[in-house]
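So the structure is just underneath, and the comments pick up after that.
What follows is calculated from the coordinates using simple rules that are stated; it is not laboratory data. Being a predicted model, the structure only gives us computed values, none of them experimental. Cβ coordinates were reconstructed from backbone atoms using ideal geometry, including for glycine residues, and neighbour counts include every protein chain displayed.
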Amino acid sequence: MGTPNVKLSEEQVLRIKTAADRIVANVGEVMVGKKTVTELMLVALLCEGNVLVEDVPGVGKTVLARTLAKSLGCDFRRIQCTPDLLPSDVTGVEIYDQGTGGFEFRPGPIMANIVLVDEINRATPRTQSALLEAMQEQQITVDRRTVPLPRPFMLMATQNPVELQGTFPLPEAQLDRFMLRLEIGYPSQEEEGAVLTRFREVNPLDALEAVTDADELLNLQKLCRRVYVDPSVRDYIVDLVRATREHDDVRLGASPRASLSLHRAVQALAGVRGRTHVLPDDVKLLAMPALGHRLIVKTEARLREHTAGRIITDIVNTIPVPVEET
């Protein structure tokens with residue numbers, strides 16, 4: 001039998017919410033109108049998960065990653081993917097030191113708390129695979145040396161869904177290692193005007209101060225694991241994920257890793273919103289970003305314009321929602 005949930009106290013959940021509100025507000029000093037996507041980025045970070053941001057260029061993907069890292073007081077590195085990028089350019093290399101007669105490890109940009117892998121689908125499959133161990137095990141292997149990554153750690157990858165020439169689509173095994181797939185989207189007319197005003201004279205990111213630190217974030221991660229999940233909500237998560245495997249339009253459904261990712265994500269979301277327990281609405285909200293990128297839709301279904309998003313919406317509308325007993 002598994003270990004039962006240890007419920008959080010009101011004081012502990014207030015600690016999570018207060019820190020989350022502070023971080024989201026601080027990111028909002030730079031990013032205009034992106035509260036929801038910032039909140040979901042924070043959810044992934046609190047779960048030690050990775051995020052795939054799939055959107056067109058120029059909507060603020062890099063700025064969001066840099067702003068979040070600076071708000072957290074964490075190290076930030078950016079990797080620009082190109083076809084000639086080598087795995088050693090990501091992980092680092094061991095160099096022979098003539099003075100000591102031994103090998104010295106020179107870390108690559110993956111050795112940071114928050115790593116932005118820009119246009120990940122422009123890297124070759126060999127380089128993409130170098131990220132798998134980091135994403136799942138939070139460590140890298142260089143030659144015979146295994147090096148743990150800094151904690152906390154989150155990999156945020158971006159890709160352009162429009163331009164496909166010269167790209168290498170991510171394999172299913174790698175997509176499955178992203179906890180959430182997000183879209184930033186274009187700003188509204190008012191928001192775009194506010195962006196022009198905010199960035200008119202100076203970049204607000206330059207003056208941004210950290211509102212927490214890595215140690216506090218690690219403590220918040222532990223607290224989020226203790227947010228209570230009722231057995232009926234747990235079963236609801238399992239039912240949703242299993243329904244993706246049984247759907248007529250799906251060739252390959254979501255994996256058990258998807259169930260675990262969704263379970264952890266709803267715990268973090270509940271904590272961020274100041275609750276000691278998960279609601280079914282949390283599951284419904286995160287079903288799309290947690291499951292959509294994990295489905296392989298049949299070719300004939302795609303020809304009928306049955307997308308993964310549409311399939312998940314149908315499943316969410318079909319599976320009975322657990323009702324809280326009074």
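Please report the net charge: other residues with Cβ closer than 12 Å to the Cβ of R78, K and R +1, D and E -1.
That sum, taken over residues with Cβ under 12 Å, equals 0.
Could you size up the charge dipole of the stretch 1-152 around its Cα centre, putting +1 on the beta carbon of Lys and Arg and -1 on that of Asp and Glu, and report it in debye to the nearest 20?
Charge dipole, the stretch 1-152, about its Cα centre: 340 debye, nearest 20.
Within a Cβ distance under 12 Å of V250, other residues only, what is the Lys/Arg minus Asp/Glu net charge?
Spelling it out: positives minus negatives among the neighbours equals +2.
If you keep only loop residues by DSSP, which trypsin sites (Lys or Arg not before Pro) in the stretch 66-157 have at most 11 other Cβ atoms within 10 Å of their Cβ?
The qualifying sites are R144.
When the C-alpha atoms of the stretch 182-326 are aligned to their principal axes, what extent does each axis show, in angstrom, from largest down?
Here the Cα extents, ordered largest to smallest, are 55, 41, 29 Å.
State to the nearest 20 debye the size of the charge dipole of the chain about its Cα centre, where the only charges are +1 on K and R beta carbons and -1 on D and E beta carbons.
400
Using the 10 angstrom Cβ neighbour count as an exposure proxy, how do V233, V43 rank, fewest first?
In increasing order of surrounding Cβ atoms, one gets V233, V43.
Any chance you could list P(r) for the stretch 9-157, counting all Cα-Cα pairs in 5 angstrom bins from zero, rounded to whole %?
Calculated P(r), rounded to whole percents: 2, 9, 17, 20, 18, 13, 10, 6, 4, 2, 1, 0.
So who's got an amide H within less than 5 Å of the one on V53, skipping anything under 5 residues away but keeping other chains? H placed 1.01 Å off N, in plane.
A157, T158, Q159, L182
Answer with a single label: of (1) 25.8, 84; (2) 20.5, 73; (3) 19.0, 57, which was calculated as Rg and Dmax of the Cα atoms in Å from the structure in view?
(2)
About the Cα centre of the stretch 282-326, how large is the charge dipole given +1 on each Lys and Arg Cβ and -1 on each Asp and Glu Cβ? Please answer in debye to the nearest 20.
360
Which of K35/K70; K35/K284; K34/K298; K17/K61; K70/K222 have a Cα-Cα distance over 26 Å?
K34/K298
Picking from R294, R177, R273, which is most flexible by a Gaussian network model of the chain using Cα springs under 10 Å?
R273
Just want to confirm a number: the relative contact order over the stretch 10-226, from Cα pairs under 8 angstrom separated by 6+ residues, in percent.
Relative contact order here is 33 percent.
Between beta-carbons, use under 11 Å as the cut-off and find the net charge around L218, counting Lys and Arg +1, Asp and Glu -1.
-2
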